[in-house]
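S.K.: Sending over a structure as structure tokens; questions will come in a sec.
The values are calculated or read from the model by the stated rules, or taken from the named source; none is laboratory data. Worth saying up front: this structure is predicted, and the values here are computed from it rather than measured. Please note: Cβ atoms are built from the backbone with ideal geometry, for glycine as well, and neighbour counts cover all protein chains shown.
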């Protein structure tokens with residue numbers, strides 16, 4: 001009788017275990033199928049992709065790879081709060097994946113940029129990403145940006161430099177480091193960074209070339225080398241072409257100002273560039289952003305025109 005009871009108990013337990021594992025397996029398989037559907041929809045319909053990934057993570061909340069897909073889909077929508085919360089969930093499941101911590105910190109930094117606080121929150125995940133992968137150049141760069149907002153210039157300098165060392169062909173890394181050196185009045189260091197940047201950055205990297213050449217012109221201008229500044233500002237203007245993108249319109253002012261300060265002043269060229277700056281920027285939507293430069297351009301034009 002005891003033998004029969006034991007057999008019944010074991011049989012019941014085995015059946016229950018089989019039912020549970022079968023249910024889990026079905027959920028896992030369905031989650032993967034939904035994830036694959038999200039992958040197919042990702043390029044044409046990001047909202048549909050997010051919906052599929054969300055359904056998949058609900059079915060299988062232990063699959064951190066699907067969570068990563070969901071986080072990067074949220075990133076595409078710039079839903080930074082959801083990016084951060086999704087990465088946080090993935091980190092708990094896979095605490096050795098540096099990518100999860102990097103994107104978490106990056107999302108928190110994006111949120112901080114839109115609000116009055118939060119930069120300190122972004123520091124931790126980015127530092128963890130670097131601990132997990134010391135060669136993670138993007139993590140060093142973003143941590144430098146965060147530290148700069150936290151008034152830690154030394155930390156920012158170190159991490160900008162680390163980012164360049166890890167990935168010297170990334171044009172976006174050089175400008176912020178050189179700009180920080182300039183603001184700290186370390187012009188020799190800034191000049192060295194800019195020379196290295198111009199040497200490493202591809203000629204067709206328009207944005208980086210514009211930034212590097214513009215900063216190089218600024219360094220030469222501070223040193224009183226206006227002919228050298230003209231050469232750099234002219235190279236910056238050639239790099240940006242029509243210079244219609246945000247931040248590029250300053251090219252006309254930079255070049256015009258340098259022409260006006262040359263010895264002797266190159267009056268006609270200065271007038272042409274500053275007039276272009278006034279008509280395209282100071283009378284347009286960017287006037288408030290360049291209020292100081294617009295006022296200065298107007299004053300220089302008056303002096304050059306003898307009025």
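S.K.: With respect to residue 131, determine if the residue is farther than 17 Å from residue 181 by Cα, modelled with pLDDT of 95 or more and over 15 Å from the mean Cα position of the chain (by Cα). Quick ask: steps written out before the conclusion?
M.R.: Details: farther than 17 Å from residue 181 by Cα: yes; modelled with pLDDT of 95 or more: yes; over 15 Å from the mean Cα position of the chain (by Cα): yes.
So residue 131 fits the description; yes.
S.K.: Name the single residue that is surrounded by the fewest Cβ atoms within 10 Å (Cβ to Cβ) among those in region 203-230 being farther than 20 Å from residue 184 by Cα, free of Cβ contacts under 8 Å to residues at least 12 places away in the same chain and over 20 Å from the mean Cα position of the chain (by Cα).
M.R.: The residue in question is 203.
S.K.: Looking only at region 97-127, how many residues end up being out of contact with any helix residue (DSSP H, G or I) (no Cβ under 6 Å at 6 or more places or on another chain) and either within 23 Å of residue 50 (Cα to Cα) or assigned to a loop (DSSP other than H, G, I, E, B) (or both)?
M.R.: 6
S.K.: Continuing with the same structure: Sort through 54, 30 and tell me the only one that's at pLDDT below 95, part of a helix (DSSP H, G or I) and out of contact with any strand residue (DSSP E or B) (no Cβ under 9 Å at 6 or more places or on another chain).
M.R.: On the way: 54 fails: at pLDDT below 95.
After ruling out the rest, the residue left standing is 30.
S.K.: Might you check whether a residue that is modelled with pLDDT under 95, crowded, with 19+ Cβ neighbours inside 10 Å and more than 22 Å from the chain's Cα centre (by Cα) occurs anywhere in region 240-249?
M.R.: no
S.K.: Okay, moving on. Those residues that are part of a helix (DSSP H, G or I) and surrounded by fewer than 18 Cβ atoms within 10 Å (Cβ to Cβ), I need them from region 150-178; list them, please. Don't jump to the end; show me each part of the working.
M.R.: Pass one, region 150-178, residues part of a helix (DSSP H, G or I): 153-166, 171-178.
Of everything in region 150-178, those that are part of a helix (DSSP H, G or I) and surrounded by fewer than 18 Cβ atoms within 10 Å (Cβ to Cβ) turn out to be 153, 154, 155, 158, 161, 165, 172.
S.K.: Count, please, the residues in region 255-271 that happen to be closer than 23 Å to residue 206 by Cβ and either out of contact with any helix residue (DSSP H, G or I) (no Cβ under 6 Å at 6 or more places or on another chain) or not assigned by TED's automatic domain parsing to the domain that holds residue 305 (or both).
M.R.: 1
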